[in-house]
Amino acid sequence: MKYIFTEHYKVYKEEIKNFVLHFNTEGKDFIVGQRNSIKLFDLNGEKLNIKAFKIPNIINQIAYKFLRKSKAQRSFEYGNKLLELGIGTPKPVAYFEFSTLFLFKKSFYVSEQLECDLTYRELIHDFNYPDYDTILRAFTRFTFSLHEKGVHFLDHSPGNTLIKKNGEGYDFYLVDLNRMNFGEMDFGTRMKNFARLSHYKEMVEVMSDEYAKCIGEDYDKVFNAMWKGVEGFRTKRARKKELKKKFKL
């Protein structure tokens, strides 16, 4: 077993190790998925969020053992990098990896549990959500700030941004951190980064309007590029679904 802690939580190392070792039988279910699961654990009155990544296929077991960083390690390192850049994310606590001599097995990412008021997903399902336009525009400015700081969040999708009301404004926090690139982003890459967020043209129009103001570009240029990304993503996803159906048959 390999593990790394942030400095603040090293004093609780044994307690957190115990949470991970007894993950299957203890803790409170938060998300139970086919691929990954999340449970909540109480640490002296503080809630910790522990994400268990499923054992990868045999090829990736070899790759993660010898060639690539695990999803848990990337989540931990990216979380710390985001905080250094002044970008919101639940505070990283630790990551754990389990492997044999030649194969990688399970990994766990531990972070503080962040209670939020909503996620971006609520905006998709309820166009009458209070302060809707303000939140959507603030989210767009948040995405622009990611791009300006060289953060390409590859899983920029509806459930991966937590939103908290802060006085008259809103704060945003990224979760599901294991897929990111860092570096300067060109206009096309920035626009494609909105592709997974919404297929509703009304939402894309608002985000395009706000992003155009942020970047100092013509609205039509921004909207056309952003909408092209949305359509491209939806076409690609539809093809994948068709292939899966054919494969099952």
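Of all the numbered requirements in (1) within 12 Å of Y109 (Cβ to Cβ); (2) touching a helix residue (DSSP H, G or I) at 6+ places or on another chain (Cβ under 7 Å), F76 misses one, and that requirement is (2). Only one entry in K244, K228 is among the basic types (K, R) and either loosely packed, with under 14 Cβ neighbours inside 10 Å or closer than 20 Å to L123 by Cα (or both), namely K244. Quick one: would you say L154 is without any contact (Cβ under 8 Å) to a residue 40 or more places away in the chain, within 26 Å of K228 (Cα to Cα) and not assigned by TED's automatic domain parsing to the domain that holds E14? It is true that L154 is without any contact (Cβ under 8 Å) to a residue 40 or more places away in the chain, within 26 Å of K228 (Cα to Cα) and not assigned by TED's automatic domain parsing to the domain that holds E14.
If you go through the stretch 96-141 and keep only what is of a type outside the set (D, E), touching a Leu at 6+ places or on another chain (Cβ under 9 Å) and over 30 Å from Q61 (Cβ atoms), you end up with L114, C116, L118, T119, Y120, L123, I124, Y129, Y132, I135, L136, F139.
Among the residues examined, E46 qualifies as more than 14 Å from the chain's Cα centre (by Cα) and under 23 Å from L174 (Cβ atoms). In the stretch 73-129, which residue that is of a type in the set (D, E, K, R) and within 15 Å of I38 (Cβ to Cβ) is surrounded by the fewest Cβ atoms within 10 Å (Cβ to Cβ)? If we take residues in the stretch 73-129 being of a type in the set (D, E, K, R) and within 15 Å of I38 (Cβ to Cβ), then E115 is surrounded by the fewest Cβ atoms within 10 Å (Cβ to Cβ). Scoring V151 on the criteria (1) among the aliphatic types (A, V, I, L, M); (2) surrounded by 17 or more Cβ atoms within 10 Å (Cβ to Cβ); (3) over 19 Å from K81 (Cβ atoms) leaves a single failure, condition (3). Please indicate, with yes or no, whether at least one residue in the stretch 167-177 is more than 19 Å from Y211 (Cβ to Cβ), hydrophobic (A, V, I, L, M, F, W, C) and in contact (Cβ under 8 Å) with a residue 12 or more places away in the chain. Scanning the stretch 167-177 turns up at least one residue that is more than 19 Å from Y211 (Cβ to Cβ), hydrophobic (A, V, I, L, M, F, W, C) and in contact (Cβ under 8 Å) with a residue 12 or more places away in the chain.
The values are calculated or read from the model by the stated rules, or taken from the named source; none is laboratory data. Model, not experiment: these values are computed from the prediction. As a convention, Cβ positions derive from the backbone with ideal geometry for all residues, glycine included, and neighbour counts pool all protein chains shown.
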